[in-house]
Amino acid sequence: MQKKKEGTFYTALTLDTGKANQYRYCLDGERWENDWEADFYVPNDLGTENSVVKV
């Protein structure tokens with residue numbers, strides 16, 4: 001991800017249409033957070049949940 005001047009971060013990805021894509025954000029190299037604007041959430045193998053966006 002790249003940091004903008006105002007302090008927010010962004011990245012661009014190419015995702016397959018019609019698929020559910022799982023992701024999480026790693027903050028400070030150690031803390032993981034979900035996207036609270038995700039389409040929905042699914043359990044992962046670590047006992048937490050992943051954010052999901054469907055394109």
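Quick note: the coordinates plus some simple rules give every number you see, no bench work behind them. Just so you know, these numbers come straight off a predicted model, no measurement behind them. With ideal geometry, Cβ positions are generated from the backbone for all residues, glycine too; neighbour counts draw on all protein chains shown.
Could you please tell me the mean projected area of the C-alpha convex hull for the chain, averaged over all directions and given in square nanometres to one decimal?
Numbers: hull surface 18.8 nm².
Computed as one quarter of the Cα hull surface, the answer is 4.7 nm².
I need to check one value: relative contact order of the chain, counting alpha carbon pairs closer than 8 Å and at least 6 residues apart, in percent.
32
At 7 Å along the Cα-to-beta-carbon direction for both residue 16 and residue 42, put a label point, then send me their distance in nm to one decimal.
1.2
Please give me, ordered by residue number, the trypsin sites (Lys or Arg not before Pro) of the chain that lie in loop per DSSP and have at most 11 other Cβ atoms within 10 Å.
Working: sites: 3, 4, 5, 19, 24, 31, 54; in loops: 4, 5, 19, 24.
In loop regions of the chain (DSSP not H, G, I, E or B), the sparsely surrounded trypsin sites (Lys or Arg not before Pro) are 4, 5, 19.
Counting Lys and Arg as +1 and Asp and Glu as -1, each charge on the Cβ, what is the dipole of the chain about the Cα centre in debye, to the nearest 20?
On the way: 7 positive and 10 negative charges, 52 e Å.
Using Cβ point charges on Lys, Arg, Asp and Glu, the chain gives about 260 debye.
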